[in-house]
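Bear in mind these aren't lab numbers, they're just calculated from the coordinates by the rules spelled out. Predicted model only: the values in this text are computed from it and were never measured. Backbone-built Cβ (ideal geometry, glycine too); neighbour counts: all protein chains shown.
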Amino acid sequence: MKINILAIESSCDETSASVISDGKVLNNIIATQSVHEKYGGVVPELASRAHQQHLIPVVTEAMNSSGLSKKDLSAVAFTKGPGLMGSLMVGVSFAKSFAYALGIPLIEVNHMQAHILAHFIEEPKPQFPFICLTVSGGHTQLVLVKDFLDMEIIGETTDDAVGEAFDKTAKLLGLPYPGGPLIDKYAKEGNPHAFAFPVSDMPGLDFSFSGIKTAVLYFLRDKIKEHPDFIQDNLPDICASVQYTLVKMLLQKLKKAAKFHRIKEIAIAGGVSANSGLREALQLESEKSGWELYVPKFEYCTDNAAMIAMAAHYKFLKGEFSGLDVVPEARMRF
Ligand code: KG4
Ligand code: ZN
């Protein structure tokens with residue numbers, strides 16, 4: 001019999017369900033929550049309610065398009081953490097009830113591990129060991145990946161995530177949430193060397209992104225004093241300069257990690273890996289340093305249940321199941 005798993009993702013502001021059959025992802029249904037746009041960030045209460053509203057329709061669509069029926073399922077998987085507690089609760093409670101009703105095993109998945117395992121959904125797949133730079137709205141991590149479920153965090157942010165730095169800068173510029181993709185868009189027409197912002201210097205492989213947000217805040221405040229339309233008149237240059245600085249900080253640590261661990265298999269994951277400045281810089285560095293670079297399809301970079309399904313498949317193979325008393329963990333580590 002095939003290993004068929006239904007997986008649920010509800011850690012932040014995407015409600016998603018996916019069905020995987022013997023390691024092959026059959027679908028990846030995602031309901032994005034637009035309710036947060038006008039607040040300039042994810043509002044946890046609203047996110048939980050939106051998950052509650054969208055989860056069953058999303059699961060129904062995933063089940064229908066898989067061609068499988070509930071009795072064909074071998075297990076149900078869910079994101080245990082890290083994420084917003086209320087959002088996680090919706091997914092966990094649903095998955096538990098589903099497993100209980102069908103009498104099938106329950107599989108908990110670490111969202112950050114799943115972002116990395118998204119690389120195994122499609123070819124080309126990285127070879128172990130590889131280094132993955134996971135960059136999202138909630139995390140910035142350098143992970144040494146030794147095997148499917150054997151990973152070590154070798155560096156991470158000590159404050160804001162890089163996606164947060166993009167989004168907070170965008171907010172200062174009056175751009176809607178999430179601002180990362182808009183900074184990317186305007187940066188394409190700007191000069192990355194127009195303005196200089198400080199590059200943080202953290203020890204080892206750790207990152208810090210809170211300084212740049214403050215630097216941009218003071219920079220804009222001073223410029224606007226002299227020139228009230230400064231933002232409108234310089235938007236592409238500001239975006240290009242901020243993006244250049246953030247990408248430089250990421251590359252600096254990634255290069256250091258690759259050198260230290262003598263690894264040339266390099267992967268990126270998370271929503272910020274969609275950034276064209278980052279992709280370009282990674283491409284250039286790969287040619288220079290002889291890296292084999294892995295960038296998943298955008299659909300699998302941002303939050304999605306296919307990556308949860310992929311992780312669940314490997315956990316199923318190892319017999320790693322959860323009890324029905326499992327609870328979400330907002331600050332889950334691995
Ligand atoms: O992985 P993700 O979808 O959700 C989290 O787990 O956080 O990442 C979302 C983050 C947001 O901060 C968003 O602004 C950023 O990814 N992002 C980008 C781009 N596309 C998405 N940041 C910069 N450039 C982009 N093209
Ligand atoms: Zn994520």
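Key figures
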{"read-out": "Inter-label distance, nm, simple model (7 Å from Cα along the C-beta direction), VAL327/LYS38", "value": "3.6"}
{"read-out": "Filter on LYS168/LYS288; LYS24/LYS315; LYS80/LYS264; LYS185/LYS225; LYS24/LYS70 - keep pairs with C-alpha separation over 23 Å", "value": "LYS168/LYS288; LYS80/LYS264; LYS185/LYS225"}
{"read-out": "Length released on extending from GLU122 to LYS225, taking residue separation times 0.36 nm less the Cα-Cα span", "value": "32.0 nm"}
{"read-out": "Selected from LEU84, LEU293, LEU284 as most flexible by GNM, with the chain as the system and alpha-carbon contacts under 10 Å", "value": "LEU284"}
{"read-out": "Square roots of five times the Cα gyration tensor eigenvalues for the chain, Å", "value": "36, 23, 16"}
{"read-out": "Order of THR79, THR169, THR158 under a 10 Å beta carbon neighbour criterion, fewest first", "value": "THR158, THR169, THR79"}
{"read-out": "Dipole magnitude of the chain, debye to nearest 20 (Cβ charges: Lys/Arg +1, Asp/Glu -1, about Cα centre)", "value": "380"}
{"read-out": "Extension reserve of the HIS261-SER93 stretch, reckoned as 0.36 nm per residue once the Cα distance is removed", "value": "56.4 nm"}
{"read-out": "Label-zone membership for region 89-107, site SER69, 7 angstrom Cα→C-beta point, backbone N under 20 Å", "value": "98-105"}
{"read-out": "Computed over region 106-223, Cα set: Rg, Dmax in Å", "value": "16.9, 55"}
{"read-out": "Cα pair distances exceeding 20 angstrom across region 43-164, given as percent", "value": "56"}
{"read-out": "Residue order, fewest to most surrounding Cβ atoms within 10 angstrom, among MET112, MET63, MET1", "value": "MET1, MET63, MET112"}
{"read-out": "Dipole of region 1-93, positive direction: furthest Cα of GLY81, HIS36, LEU6, with charges on the beta-carbon", "value": "LEU6"}
{"read-out": "Computed [θ] at 222 nm, deg cm²/dmol, the chain (DSSP H ≥ 4; -39,500 (n - 2.57); rounded to nearest 500)", "value": "-14500 deg cm²/dmol"}
{"read-out": "Exposure proxy ranking, count of Cβ atoms within 10 Å, fewest first, for THR60, THR134", "value": "THR60, THR134"}
{"read-out": "GNM top mover of SER18, SER322, SER136 - the chain, alpha-carbon springs below 10 Å", "value": "SER322"}
{"read-out": "Positive-end residue, the chain charge dipole about Cα centroid, Cβ charges, pick of ALA165, THR134, PRO228", "value": "THR134"}
{"read-out": "Gaussian network model of the chain, springs between alpha carbon atoms under 10 Å - residue of GLN53, GLN33, GLN243 with greatest fluctuation", "value": "GLN53"}
{"read-out": "About the Cα centre, charge dipole magnitude for region 119-191 (Lys/Arg +1, Asp/Glu -1 at Cβ), debye", "value": "280"}
{"read-out": "Spin-label pair GLU189/SER286, simplified geometry with 7 Å Cα→Cβ offset, distance in nm", "value": "2.9"}
